[in-house]
Structures are given as C-alpha cells and as structure tokens.
Amino acid sequence: MPNSENQTITSKRKRVRPGKNVKRWELKKKTALQPFQAASTNPSQEQEDEKGISSTHSATQSNNNNTNNNQKEKIFVYLVPPSHQFDPKPSEAITTQQTLQLYQHFTHGTCVAAPRGEPPFCKVKYVPFDTMSAEELQGWEKLVCHFFDRTNYVAAVKNNGPQMDGSMWADGWRKGSKKESFGRYCSIGKLVKMMLLANYNPQDEAASIKEASDFISIQLQHLAPGVFEKYRETLIENNLPSMSHMEYPLPYDALDFASFLTFTMFDFHNGPHCDTDANHWTLVCWIPIFNPRNCSEDDPILADDDFDMLGGQFTFRDFQVCLDLHHVLGVALCVFRSRDYTHQTLPGASPSAPFLEVAGQEKQVSNAQKKL
C-alpha cells in the first residue's frame, strides 16, 4: 500500500469557462430586447443596436450615472431578479410613496424591464423637449390640441372599472352591443351642438384624426417596430377598422395599426388591473401640459421649465418597477404588456395648479370576430 503521506491529493474543482457569465447575461439582454425589434431587422443593424445596450442589476444606478449623450445611444436593460418578482404591499389599493422606495425607478433615457431570463414587459423612452426639433415640438402640440378638440365630440368614459379619479375619453372605433357591429365613439348631443355653432366640418375632422393617428403610428415605429408589427398584424388579420378610417371597410395604408385610443387628464389615476384588449401590448404617451381649466390663451400648450407635478408614477407592482415621469421635462413613451401584468397609474398633482399631464393609449377593439 502506498504511503498516504506521499500520495498526491487532487482537489476537485468545478471547471470555469472564461466569459461564461458575460455570455449568459448577453443572452438574457438579447431575449429582453427581441420583441421590440422588427422582424425584418438585418444582422448588421442588430450588431449596431447591441453596441448601445447596457445591462444593470440596478436600473436606478445606471440611469443616474450616465450623461445626456449616453441616453441617446444606450438602452438600459433591467433584469428583474426573482427576489423582486412580487407585490410587496398587495393590500394597498394605491401604492404609497413610502412603498415606492422599494421599487426600481426609471427616470430618463431608454429603459427595458424583463423578468430575468424571460421576455420583457416594458420599454420606456424619455424624450426631453429641449432635444426635439421645432417640427417634433409642433407635432406634440398638434396632438394635444387634437385631444382637446375631440372632447367636443366624444363624451368622457363613465364605466371604466379601474378608474378612481380624473377624466378619460375614448376615440375611434368601438364594438357595438352585438359582436357583428362597429361604430365610432361619438356623443350625439355634442355633435349637434357643434353643428349648430357651425363649427363642424367632417372633412377637417377626418383630416385631423388621420394626422393624429399617423403621428402616433410613427412614434410607435421609432420606439418599438416589433410591437408595431404585432399591432398591425392583429388589426389586419381580424379585419378591424383603423382609427383613421371614417367608414368601414376601407383599405389599410402603411401607418394603420390601431382601432381606437383613450386619453386622460385632470389627475387621472386607477387601481391595479390588467387590460382585456385584443393586443397584448399597449402604447402609452405622457405629455406634460398647462391645465386648460386655469390657463390663459397666451400660455404655451406644452409645460415649461416651472413644471412642478408630483406623483403620478406608472407602476408594475408584481415586479416592483416604477416609471417616474417628472425628472425629465418632455414626453415619455412606453409599450408594455397590458394584458399579462398588473399595472397602475398613481395620483399626481401640481402644487402651483397650472400643470397637468395628458396621457394617450392606443388599443384594438377587443373580442371582435375575424369576419363581419
């Protein structure tokens, strides 16, 4: 028998492959970004996109450590760890600001959130007003004016289940009481009033609706072309009317993608809920504006440097993720999986009173038959 003192003892160590963790995280990031990319994206474009991708365990830390230049070039990917995939305070109907301290906050730049190793549930992009061209600023101003104008023709929604306060309007096409019928949102009383005032021109209204629909369509294509393709696929495969159509049926054009939108004002907030629309994804835009109830005609439409809104965060309670909307004076655009995950808009207010936010969401007619 050999002497145990002279025996060579081989330690059993787990083999470590260089770069294994890096490759694993890169794969998770790629999974998180894939739904937002167009199906026609070429390999060279994907490589360029990946150069601008940054991953972090803490979205807040990454957001705060990068300059404005990097915001334009990088996408911050927050992979939600299993330890944060639950609602820490399910008993709170409205998540308190104290509970929000437990959340990961997105405040600026372009951010994507996904459960670790799974598809994403959210992409948000903050676009400051001072980075926009004059044409872009005018586009957002015209969209807000379009929303204001449409309140002359459509009544505020009165039966939105999760709504707690504020005002919501729906515009575009809706499913009738029978599954076989569609109709456009319209308040007959409001329409008659505008006609008596000689303020109604059907051609002008159709052109305004088309312009607004096309503008929003372009924003979605820039933010998430893959989501735009899914929207359009649902619209066309189900023979749904486009929001820009005044009659049904009409041929689709390249920018048609949704049947209707909703927009909210005056401290709209709601309880935690999931949507039931035909699309899994919803596009929402938050636009800071002067309150039309207490501002003068000389005030600008979009909020200025004195914007002082507080609260109003958009949350995903099951992942402890929060979109802060007041760190950047500008527009915030987000696509999120509205049917699959609980989300909530929290109360917000302006201490000095003149400001509010208008938010618009693009949707499809739900539970519609494929053929009418």
Please give the FRET efficiency for His327 paired with Asn159, using the beta carbon to beta carbon distance and R0 = 22 Å, rounded to the nearest 0.05. 0.05
Relative contact order of the stretch 75-363, defined on C-alpha pairs under 8 angstrom at six or more residues apart (%): 26
Gly348 long-range amide H proximity, modeled H, under 5 Å: Gly312
Using packing as a proxy for protection, rank 145-157, 226-238 so that the peptide with the highest average count of other Cβ atoms within 10 Å comes first. 226-238, 145-157
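Report the equivalent ellipsoid semi-axes for the stretch 75-363 in whole Å, largest first, defined as the square roots of five times the eigenvalues of the gyration tensor built from alpha carbon atoms. It would help to have the intermediate numbers written out before the result.
Values: eigenvalues 177, 109, 69 Å².
Equivalent ellipsoid semi-axes, largest first: 30, 23, 19 Å.
What FRET efficiency do you get for Glu118 and Asp299 if R0 is 56 Å and r is their Cβ-Cβ distance, rounded to the nearest 0.05? The partial results should precede the final answer.
On the way: r = 45 Å, r/R0 = 0.81.
Taking R0 as 56 Å, the efficiency between Glu118 and Asp299 is 0.80.
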How much length, in nm to one decimal, is gained on full extension between Glu141 and Phe266, taken as 0.36 nm per residue of separation minus their Cα-Cα distance? 43.2 nm
Quick one: how many lysine pairs in the stretch 75-363 have C-alpha atoms under 22 angstrom apart, if they're 8 or more apart or on different chains? 24
Using each residue's phi in the stretch 261-277, evaluate 6.51 cos²θ - 1.76 cosθ + 1.60 at θ = phi - 60° and report the 3J(HN,Hα) Karplus result to the nearest Hz, with x for Gly and Pro. 9, 10, 9, 10, 8, 6, 6, 5, 8, 8, x, x, 6, 10, 8, 10, 6
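Classify the stretch 234-317: rounded, prolate or oblate, from the alpha-carbon gyration tensor (a ≥ b ≥ c, eigenvalue square roots; a/c under 1.5 rounded; otherwise prolate if a/b is larger than b/c)?
Values: a/c = 3.10, a/b = 1.61, b/c = 1.92.
Taking the square roots of the gyration eigenvalues as a ≥ b ≥ c, the stretch 234-317 is oblate.
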Sorting Asp305, Asp277 on the 10 Å Cβ count, fewest up front, what's the list? Asp305, Asp277
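Please sort 25-37, 292-304 by packing, taking for each peptide the average over its residues of neighbouring beta carbons within 10 angstrom, highest first.
Numbers: 25-37: 17.5, 292-304: 12.8.
Most protected by this proxy first, the peptides run 25-37, 292-304.
For Cys274 and Glu247, calculate 0.36 nm times their separation in residues minus their Cα-Cα distance, and state this gained length in nm to one decimal. Numbers along the way, then the final one.
On the way: separation 27, 0.36 × 27 = 9.72 nm, distance 3.05 nm.
Full extension from Cys274 to Glu247 adds 6.7 nm.
The numbers here are math on the coordinates, done by the rules we state, and not lab data. The structure displayed is predicted, hence computed values, not measured ones. Positions of Cβ are generated from backbone atoms using ideal geometry, with glycine treated the same way; all protein chains shown enter the neighbour counts.
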